[in-house]
Structures are given as structure tokens and as C-alpha cells.
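A.B. asks: Please see the structure below; I have some questions.
The values are calculated or read from the model by the stated rules, or taken from the named source; none is laboratory data. Since the structure is predicted, the reported quantities are computational estimates derived from the model, not experimental observations. Methodologically, a virtual Cβ is constructed for each residue, glycine included, from the backbone with ideal geometry; neighbour enumeration extends over all protein chains shown. For the accessible areas, the whole protein counts, side chains as well, though only heavy atoms, and no ligand, DNA or RNA atoms are used. Shrake-Rupley method; radii C 1.70, N 1.55, O 1.52, S 1.80 Å.
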Amino acid sequence: MEVKNFVAWDYVVFAGLFIISSGIGVFFAIKERKKATSREFLVGGRQMTFGPVALSLTASFMSAVTVLGAPSEVYRYGASFLLFTIAYLFVIIFTSELFLPVFYRSGITSTYEYLQLRFNKVVRYAATVTYIVQTILYTGVVVYAPALALNQVTGFDLWGSVFATGIVCTFYCTLGGLKAVVWTDAFQMVVMVVGFLTVLIQGSAEVGGFHKVLERSSNGSRLNIFDFDADPLRRHTFWTISVGGTFTWLGVYGVNQSTIQRCISCKTEKHAKLALYFNLVGLWIIAICAVFSGLIMYAYFEDCDPLTSGTVSAPDQLMPYFVMEIFATMPGLPGLFVACAFSGTLSTVAASINALATVTFEDFVKSCFPHLSDKLSTWISKGLCILFGVICTSMAVAASFMGSVVQAALSIHGMCGGPMLGLFTLGIVFPFVNWKGAIGGLLTGLTLSFWVAIGAFIYPAPASKTWPLPLSTNQCVLFNVTDVSPPVLSSRPAIADIWYSLSYVYYSAVGCLGCILAGIIISFITGNQSVKEIPPVLIRPVCNLFCFWSEKYKTLCWCGVRHDSETEQENLENGSAGKQGTESVLQNGLGQESMVHVSGYDPKDKSYDNVAFEKITRC
């Protein structure tokens, strides 16, 4: 394969990204040096506004997986990837209206604190460990995949870029905390959009105009977006993406610590919701840019597919190769695209490191050492950032065995995020579910999702369900030609063509629904949760969204928990929510926790001036 190396200007542009990102961390470290509290470091003092948070949310989850992986998906499988925009819409609605109000009003820092208030410490710790494993695995993919693709196409040093990413992210996370992460993400989001726009403009010009792009894409069957085949084994259809994608991304947005941590850092609940809805616009913009980049790339390589001809060796290298082709005579612009790809990587890794440090400090360190001083707490938080920076960077080595970046990333989210989504849904939507149902449901969901995902890795789905659309090499000078014949599938058990062949986008749905069903059944068998022990602030049945006109159905869905607005507001004002949550924990015999409401939370404005709750935990 021909490698087109960077020139000096490309390295200058790329280095500028790392320098500015590090500079933001230094700026906030100096600016916030007098606010040396762990809460200021981890959640920005709950005084963030919706603008930078919205940009941060988009940048954190539209990583290099999207910049490099999504265009190659469109190039090979068509523009059905655009259907993820439908999934994003449902995800943001459910997150902002169902999950966010519960987390925000509870005054928590780690989302897993909610699970202790609703159930007990066992459930909380099980969920925390699951999240830590999920995030480290995902971060490994995000760091390694773009570095490998760029190394093999541009000659960009593989391990140099991997370690540079880890060092820079750890540096500004450790210095500036959440505010540095959010504002750096905002800057990196701008870089991502600019990088995509340069590719769209120059790529369209190289093909002969946007009308040529659409014409060639249509002739190549790339614009057949709406495939309503209900077969769950098909890789991408309307149903797998819109339904399966909703479950997958709801596990990422609705209950993921990295997302919720940004939302609860906002100064009011209204700002948190606005951040989510403005983030939706950002998600749509990035998805549309990725789809059209893939279509332009297909139009450019219509008669000479680099993958089939052996010019590149993996799908994730298609986009970098395309960029090096169209910007061959424009020094600096390839560097801008690489900066675009690594902006996604930096934002995702930084968000992961900050979230991992938060849950570890809140769920483990603070639980066992409740009387730490603010100064010591801040230093411990920074130490955890360094620790997880090292772990996430090291995990990049294992990512080399995970295949396509998009499929690997969404599979990880599905395997762990689906059961976690089911667990929080049990707590928030079903008041009668007890802690035994919760832990049993989580284990069931994890078992099902890991079973199907590992089975699919060992026994790949039949080519008829996953084989890409036709690609041509009619006008190519062939190198080491890639064998495009379907793989020979021998000695396959019967279950491999049914269960293991399920579309990877459905892994999250399998884990979530399995968790919910098992949790409900186990709770009925072991005895329902006593509704007297549940503070209304911790519950939000879906009747709030769909049965709001009927008091009868609302009362039925709340299972006897008092749900009128006056009661909920009164609980927030006098701290009875915390008291009841404490009683529940004590009755479970898994710890002693008292919560005292302090001034700072305004139930009318749904905002924080200081801190919602003060927690004193004795191990």
C-alpha cells in the first residue's frame, strides 16, 4: 500500500490542536485554583450553562468512531446510517424528560448514588464496576482505531499518537477538572465540524459537483435508506437502526455517568434540558456530515475501490486515504482532518477519564473515607484522573482485536449499556421492583448481551445478512487484492444462524429488555418493594409522559407512591427524600447513610446555588 506522508504544515496544524487543548486545562487550573473542592473539580460547581455543555456532549460521543467509521459504513453499506438521526431524537426526548429530572433533583454527583438511594449499596457497586469495565473497553477502541488507520495511510506514528492522546487528555483533565473538559470539548467540536466541511467541499469539487455525488450514489444503490425488512438478523435496516439504535444510544445518554455528569453540572434543570436538545442538533449535523462524506467518497472511488484492490487493508483506513488523495496538493489540510479525527478521540477520552474518576471517588473512596478534607479530596480526584488516563491508554492495545470501529464501539455500548439502561429503568419506572430484582435483572441482562455478542464474535453472521453493497475495481491498478468472497462457515451450531446472527445494534435491546423482565419477575417472587420506603423524587413512571391526563392511571403506575407535585416539592424542601432513602438503606442492612438537605437547591427554579445534599456515610 502506498503511504502518503504528512508534510510540515500538517504536523503544525495537528500539533496546534494538542497545544490549545492543553492550554485550556492550564487556564482553568489557574482560574479555579481558589475553588479547591472535589465537587468544583468533578461537576464544575453546578454552575455551567447549556451552550458549552451541549457542544461537549456532542463532541464526547461523536468521536473518531464517527469521523472515521461512519463514512466507511456509508461507503460500504449505503446511507441507511442516516436513520440514526431518528434514534437520536427519541434518545434525547427520553433522557431529558424521563431520566434527567430524577438525577438532577436528587442532588447526586455519581449516577450510581441513585441506585443506593433507590435500592442498596450492592446494586450501586455492581453497576459502578460494570460502568468502569464498559468505559475502559470503549476508550481503548476510541484511542487505538484512529491511530492505527492514520498510521497505515499517512505514516503518522502509531504509538506516538496513542500516547500523545493519553498524555494530553490526562494532563488537562487533571489540571482543570470538568470545566476544562467541557470547554476543550467545545473547541474540539468546532474543529470536527470544520474538518468535515473541508472534506465535503473539496470532495464534491473533485467529483464534479454535489449532483454528481447523488447521481453516482443512486446508481450504486447507496441511497436506498428505508429498508423496512423486519428481519432482526439483517445488519442495518430501518428497524435495527431506529429501534436498536434508540436502545443503544439511550444507554449512552440516558444513564451514562459521562453524560449525566455534564447535565447535572448545569446551574438549572432548564439549562440541562436545553443542553440536551441543542446537543441533538449537533448530533444531527455530525451524522449528516458523516453520511455525505461517505457518499462523496463512494462517488470518488466509484470505479476503483481501494479496499477491494488492496490499496488499503481495512475499512477504517478508507476515510484517511480519501483525505490524502483529495488534499494531496494542499499542505495543512490533511493535518486539519487528522485534527478533526483526534478531536473526537480527545473529547471522548477526556470525558471517560473524568467520569471514571468521579464514580470511583464518589462510589468507593468517599463511601469508605467520608471525612476527607476538601483539599485532600481534590488531590485524590486528580490522582484518579492520572490513574485512569494510564489505564485507558494501555487498553488501546487490546482494541486491535475488536474489528470495525463502529461495530466494536456500538457492541461494547450494547453489551454493557443495555443492561445498565434496564437497571435504571427498573428503579425509575417500576416502584414495586426491589433490590433483589434489580441485581438479578442486571446479571440476567449482562449474561444475555455478552452471550450473543461473544457468540457473534466466534461465529460471524452469514454473508447474506452482512455483506456490503457491490464495489468496483474496473479502473484500478491492482495491488494485493483483498479476497471479497464470503467466508466459509463450517461446523456452525444451529444457534449460530439465529441467536448469534442477531444484528449488533440489537445487543443493547437484548440486555435492557432481559434486565427489565427478569427484574420484574424476581421482584414478584421475592416480594415487592414497600412503596412507603421510596421517596417520590426517585421515581418517574412513564405515565408522567403518556398518561398525564388521567389521575387514575397515574396513581396505578405509581403503585401507591405519593406523586402529586406538592408532595414532591415538599420532600425537596424539607429533606424527607433523603430521610426515606436513608431508612431504605438501613433496612437493607448494607450501610448507614444520613442525608441532610442544605440551602442551595431551589425547587421552584430547579436550580443549585451550592449543593443539593450533604452526605455522611459510615462504612
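A.B. asks: Of a type in the set (A, V, I, L, M), part of a helix (DSSP H, G or I) and under 25 Å from F361 (Cα atoms) - does that describe any residue in the stretch 90-107?
C.D. replies: Yes.
A.B. asks: Quick one: which of E325, E302 is in contact with a Lys or Arg (Cβ under 9 Å, 6 or more places away or on another chain), over 27 Å from Y131 (Cα atoms) and not in a helix (DSSP H, G or I)?
C.D. replies: Just a single option satisfies the conditions, and that option is E302.
A.B. asks: Since L42 meets every condition but one in (1) part of a helix (DSSP H, G or I); (2) at pLDDT below 80; (3) closer than 30 Å to G335 by Cα, which condition does it not meet?
C.D. replies: Tallying (1) part of a helix (DSSP H, G or I); (2) at pLDDT below 80; (3) closer than 30 Å to G335 by Cα, L42 fails exactly one: (3).
A.B. asks: Just to check your reading of the model, which residue among G254, G203, G220 is closer than 22 Å to T348 by Cα and either touching a Phe, Trp or Tyr at 6+ places or on another chain (Cβ under 9 Å) or among the small types (G, A, S) (or both)?
C.D. replies: That would be G254, the only listed residue that is closer than 22 Å to T348 by Cα and either touching a Phe, Trp or Tyr at 6+ places or on another chain (Cβ under 9 Å) or among the small types (G, A, S) (or both).
A.B. asks: V181 - would you say it is in a helix (DSSP H, G or I), modelled with pLDDT under 75 and out of contact with any Ser or Thr (no Cβ under 6 Å at 6 or more places or on another chain)?
C.D. replies: So V181 fits the description; yes.
A.B. asks: Just name the residue that is farthest from T184 (Cα to Cα) out of those in the stretch 304-325 that are among the aliphatic types (A, V, I, L, M) and crowded, with 24+ Cβ neighbours inside 10 Å.
C.D. replies: V312
A.B. asks: When you scan the stretch 114-127, how many residues do you find that are farther than 22 Å from H413 by Cβ and surrounded by 24 or more Cβ atoms within 10 Å (Cβ to Cβ)?
C.D. replies: 4
A.B. asks: Any residue in the stretch 326-352 that is under 16 Å from V194 (Cα atoms) and without any contact (Cβ under 8 Å) to a residue 60 or more places away in the chain sitting within a Cβ distance under 6 Å of a residue that is of a type in the set (F, W, Y) and open to solvent by less than 10 Å² (accessible area, probe 1.4 Å)? List the pairs, counting only those 6 or more apart or interchain.
C.D. replies: Matching pairs, first to second residue: none at all.
A.B. asks: If L469 satisfies every condition in (1) at pLDDT 85 or above; (2) touching a Lys or Arg at 6+ places or on another chain (Cβ under 8 Å); (3) hydrophobic (A, V, I, L, M, F, W, C) but one, which is the exception?
C.D. replies: (1)
A.B. asks: Also, I was wondering about something else. Which pairs turn up if I take residues in the stretch 270-296 that are closer than 24 Å to V199 by Cβ and look for partners that are open to solvent by 10 Å² or more (accessible area, probe 1.4 Å) and of a type in the set (V, I, T) with beta carbon separation below 7 Å, at least 6 apart in sequence or on another chain?
C.D. replies: So the pair list comes out as W284/T85; I285/V193; I286/T66; A287/T85; A290/T66; I296/V207.
A.B. asks: Which of the residues that make up the stretch 199-221 are open to solvent by 30 Å² or more (accessible area, probe 1.4 Å) and of a type in the set (V, I, T)?
C.D. replies: Within the stretch 199-221, just I201 meets the criteria.
A.B. asks: Of the residues T378, T393, T425, T345, which single one is part of a helix (DSSP H, G or I), at pLDDT 80 or above, among the β-branched types (V, I, T) and open to solvent by less than 40 Å² (accessible area, probe 1.4 Å)? Walk me through it before giving the result.
C.D. replies: Numbers: T378 fails: at pLDDT 80 or above; T393 fails: at pLDDT 80 or above; T345 fails: at pLDDT 80 or above.
The match here is T425.
A.B. asks: Which condition does I520 not pass, out of (1) in a loop (DSSP other than H, G, I, E, B); (2) at pLDDT 70 or above; (3) surrounded by fewer than 20 Cβ atoms within 10 Å (Cβ to Cβ), if it passes all the others?
C.D. replies: Among (1) in a loop (DSSP other than H, G, I, E, B); (2) at pLDDT 70 or above; (3) surrounded by fewer than 20 Cβ atoms within 10 Å (Cβ to Cβ), the lone unmet condition for I520 is (1).
A.B. asks: For the stretch 222-280, enumerate the residues that are surrounded by fewer than 24 Cβ atoms within 10 Å (Cβ to Cβ), part of a loop (DSSP other than H, G, I, E, B) and of a type in the set (A, V, I, L, M).
C.D. replies: Of everything in the stretch 222-280, those that are surrounded by fewer than 24 Cβ atoms within 10 Å (Cβ to Cβ), part of a loop (DSSP other than H, G, I, E, B) and of a type in the set (A, V, I, L, M) turn out to be L223, I225, A230, L233.
A.B. asks: Which residue out of T85, T111, T130 is open to solvent by 10 Å² or more (accessible area, probe 1.4 Å), within 26 Å of Y277 (Cα to Cα) and hydroxyl-bearing (S, T, Y)?
C.D. replies: After applying the criteria, what remains is T85.
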